[in-house]
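Asker: For reference, the structure I am asking about is given below.
The values are calculated or read from the model by the stated rules, or taken from the named source; none is laboratory data. None of these values were measured; they are calculated from a predicted model. When we count neighbours, we look across all protein chains shown, and the Cβ atoms used for this are built from the backbone with ideal geometry, even at glycine. Quick note on the areas: whole protein, heavy atoms, side chains included, nothing else; ligands and nucleic acids left out. Shrake-Rupley method; radii C 1.70, N 1.55, O 1.52, S 1.80 Å.
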Amino acid sequence: MKLTPSKRLWFNGELVPWEQAQTHVLSHVIHYGSGVFEGMRAYPSDRGPAIVGLDEHIARLFDSCKIISLPIPFDEQQLRGGVLETVRDTGYEACYIRPFVFRGYGELGVDPTNAPVEVVIAAFPFGSLMGAEALEQGVDVGVSSWRRMAPDTHPAMAKAAGNYLNSQLVLLEAQRHGYAEGIVLDVDGYVCEGSGENIFLVREGRLMTPPVGSSILAGITRGYAIRLAQDLGIEVVETRIPREMLYTSDELFFTGTAAEVTPIRSVDAKPVGNGKRGPVTRQLQAAYFDVTHGRVEDRHEWLTFTAGA
Ligand SMILES: Cc1ncc(COP(=O)(O)O)c(C=O)c1O
């Protein structure tokens, strides 16, 4: 999706004009992927823009920093405030929010120790990741020939910039084969996730999803889908999933901040169930959109309203 610039963004503690948020081409992050980021959404509601999972996203950002030894020069409250300030400043009712912590300009070489750490928070318009139609009709996907990194290679639980080379390879291959997305397997050949989404299977009314130990990103939407399913009385099992279960499940869907709850209608050209969005997916999708748009009670306190915060 093409970027639409906002007036300003938050850069190292203050709002600056969008064009002024610059870094040098020799910045460490550009060469070595030494950055971590988050992706959040704000949705319109009766009470104004509602940011979904603000505290959880900020917590994951700090965890990611800790994992890759990136000393962030702000605390959680400052970043939380920065997100609210940035979203308010845009005036958008709905937007995507991208906090990014990275090693900037100063030293080049693999050793990141002396490269300065910079922080940016941008908010900009962003529609459905795979198109509005995909939310209803579902998407066609293929299993990737690339594997998700093994646990002792890259830290999958960190939302680190460098990890996304793997995601790019998965997505580019999927597109080359005419698919909307790829499903990547872990180093042992079990189902892992999409290039930027977690995955769920529905079998005989039960929900199944790979565990955090399967080199997935512990998605915040994944956690919400599990909680919503439990609220609806649907059993959820976190377990290793063999590839062939993708072909024999009743329903499949992706979850993610960007992908929201997107049904999968085929894998490797084999239809999932009857090839249409299934009843459990539909139910969870509706529950997710109802809570994130403030249409039902926010029972788990997932929303932060920019007007009231
Ligand atoms: C690799 C990967 N898996 C899963 C997800 C879904 O995570 P979340 O629901 O926190 O957006 C994302 C998106 O951030 C991702 O990049």
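Asker: Could you report the chain's accessible area per residue, 1.4 Å probe, as an integer in Å²?
Answerer: With all protein chains present, the chain gives 45 Å² per residue.
Asker: Now for a different question. What is the distance in Å between the Cα centres of the range 191-237 and the range 1-70?
Answerer: 25 Å
Asker: What is the distance, in nm, between label points placed 7 Å from the Cα along the Cα-to-Cβ direction at Glu14 and at Leu108?
Answerer: According to this spin-label approximation, the distance is 3.0 nm.
Asker: From zero outward in steps of 10 Å, how is the percent of C-alpha pairs of the chain spread across the bins?
Answerer: Here the calculated profile for the chain is 6, 27, 34, 25, 8, 0.
Asker: Gain in length, Phe289 to Arg243, computed as 0.36 nm per residue apart minus the alpha-carbon separation, to one decimal in nm?
Answerer: 13.6 nm
Asker: Along each principal axis of its Cα atoms, how long is the range 18-131 end to end? Whole angstroms, biggest number first, please.
Answerer: 50, 27, 26
Asker: Leaving ligands, DNA and RNA out of it, rank Tyr43, Tyr190 by accessible area with a 1.4 Å probe, largest first.
Answerer: The residues order as Tyr190, Tyr43, largest area first.
Asker: How far apart, in nm, are the 7 Å Cα→Cβ label points at His31 and Glu56?
Answerer: Each label point lies 7 Å from its Cα, and together they span 3.8 nm.
Asker: Give the peptides 230-240, 110-120, 49-59 in descending order of average Cβ contacts within 10 Å, highest first.
Answerer: 49-59, 110-120, 230-240
Asker: While we're on this one: Suppose R0 equals 51 Å; then what is the FRET efficiency for Asp75 and Val296 from their Cβ-Cβ distance, rounded to the nearest 0.05?
Answerer: 0.95
Asker: At a Förster radius of 35 Å, what calculated FRET efficiency corresponds to the Cβ-Cβ distance of Glu204 and Gln22, to the nearest 0.05?
Answerer: About 0.05, to the nearest 0.05.
Asker: Over the chain, with every protein chain in place, what whole percent of the accessible area is carbon and sulfur at 1.4 Å, could you tell me?
Answerer: Here it works out to 51 percent.
Asker: With all protein chains present, calculate the accessible area of Phe254 using a 1.4 Å probe and round the result to the nearest 10 Å².
Answerer: Here the accessible area works out near 0 Å².
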